[in-house]
Every structure is written in structure tokens, then in C-alpha cells.
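Shown next, in C-alpha cells, is the structure this report addresses.
The values are calculated or read from the model by the stated rules, or taken from the named source; none is laboratory data. A quick note: this is a predicted structure, and the numbers were derived from the prediction, not measured. Heads up: the accessible areas ignore ligands, DNA and RNA and are worked out on the full protein's heavy atoms, side chains in. Shrake-Rupley method; radii C 1.70, N 1.55, O 1.52, S 1.80 Å.
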Amino acid sequence: MSTDNIASWNSSAFLIASISGLSTCLGGLLVLFYGQPSTNKLGHLMSFSSGVMIYISFMDLLPEAVPVIGFFYANFWFFTGMLFFGIIAKLFPEHDHDHEHDHGKQHDKKKPPGKPSLKDKEMKRIKQVGLITALGLSLHNIPEGIAVYVASLKGVNVGLPLAVAIAAHNIPEGMAVASPIYHATGSKKQAFFYSLISGVCEPLGALIFSFFIRDLDDYTIQSLLAAVGGIMVLVSFRELLPVALEYLKPESAMISNALGMIFISFSIYLLHGSSGIHGHEHSHGHDHSHGHSHSHDHSHSHSHSLDHSHSHDHDHF
């Protein structure tokens, strides 16, 4: 293959990764067209998005990682991701949580002069939820960008289905970023900007791989994706669900959460389930077309078509 063909092929892989990542912006745009911000809408969007992220972590990322890196290491990296992001989230300044919600009623009518009202504190805290969520999803999108890029190097027929599957859950993730920012600031520009930043990290991951790494084996990528699952779960339980439960009754929050899970499960099924392939048929498609062929002999029912010629004999737990 000539140098021009290789460059063109890499450009195609980068374009696919970019489309997948920038679908996050679509979620941000959807939030901007749902009318005036309200606590009820915010609660439902937070709960729905958390359902998507929790389902993806436990039903997609972890099951994909276990056959490649083993049960023990999949869980090790999952909890490492949770711990890592928990430490990062702690670096954000804490806002008071004693805002005594009256669910839509005006608070603090007699606030001392010069002192921020409870409403002001609440808006700052909700904006912080959006910022922490944006950070978590940005970290999560970088290894996903690498996964899509590597899969696309194997072929458009492998990379494109993975990109579409990831785009399906990137849309609610964009909503999870834009919704609290829009609610707290009333600024559509800010809400879209932060969802854009989060989405851009996916093609950034592809660029990092293309120009600086280029030799990342499937074991490493699956370890990163297991850690990503831990980050998504922590974001859901630490940021999204607490906000949802402040503004919704538990029954309503549960329904929105379940709808998020149902949405992403049907998305995965419609893309891959009808062909009897587990999750993503590529197992994130990591066949390194950089002259490295790895062969993982997995005696499980997953169709991991990783055509690798040097064998990593990692112990499977």
C-alpha cells in the first residue's frame, strides 16, 4: 500500500472517530431546544443519562474487558477508574448542600445584604455538577476515540458500526453535560460549549494514538475502557442521580433511569444483536494495522475477531 493510501485510510479512521465523538454535541443541542430550563426537566434528563451510563458500564464495557484481560483485572481497572475520578472530583470546591428545596418554590426571600442567596448557591452547585460531568466524560471519550480509530484501521465495516454504537450513548452523555449548565446559567452558548469540549476529546484520543502511540495492544485498551466504566458509574452515582432525586420523586427518577437503560440496550441490539454478535462485534475492533498482529484465543462465545499473530497469554480469572 502506498504512503498516500495509508494517509487517506488514517484520515478515514479519524473522520469516523470524529463523527462518533461529536455526536455528544447533538445531545447538547437537544437540551437547548427543550424550552425554558426547569427542575423537572433537569431531573428527568439527569436520571435518563445516568441509566444510559450505568448500563453501558455494566453490560458493555466490563463484559467486553473480561475475556481479554480477565475478571480480576477488569474489576481492578474498573475500581481504579472510580478511585481516580473520585480524587479528581474532590479537587473541585464544595458548595453547600443545605439549600432546603421547596421544589420550585422561591427560597430565601430575606437574605442578608451581600450574602449569596440559597438560589445562587444552588445554581453554582448545579453548574459544578455539569462541569464535573463534562470532565468525567472527557476522560471517558479519549480511550473511546482510540478504540474507534483502531477499529476503523481494520476496515470501515468494523469501525463504522462501533462508531454508531458509541454515538448512540454519546447523545445522552451530551445531555448530561449541557442540561445542568443550561439550567444553572440560562446560557445556550455555555451549555453547547461544554458538550462540544467533551465530544472533541474523542477525536483527540484518535490523534494521540495516531501521532504519539501507534502501538497500543488490545489488553491495554480494554484496561482503559474498564477504567472508563468505573468513571461513568461514579459520575452517575455521585453527580447525576443525586440531582435527579432532589427534583423528582424516587418513582419518577426510577422510570427515567430505566428508560435510559432500555434506550441504550435497544440501540445496541438493533445495531448488533440481530446478527447474534455480543455487544460490539469488534470487541472494540482492536486489530492493529501497524504491522502488529495479536492472537487472543478466547474460548468464550464472544466473536472477538482480533487477528493477532503474537500471543499475549494473560491469565483469565
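Structural remarks
- Equivalent ellipsoid dimensions for the range 136-247 as semi-axes, Å, which come from the Cα gyration tensor, largest first: 28, 15, 12
- Per-residue SASA entry for F14, accessible area with 1.4 Å probe, Å² rounded to 10: 70
- Backbone geometry of the range 33-50 corresponds, through the Karplus equation with coefficients 6.51, -1.76 and 1.60 at θ = phi - 60°, to 3J(HN,Hα) couplings of 9, 9, x, 5, x, 8, 5, 5, 5, 4, x, 5, 5, 5, 5, 4, 5, 5 Hz, x marking Gly and Pro.
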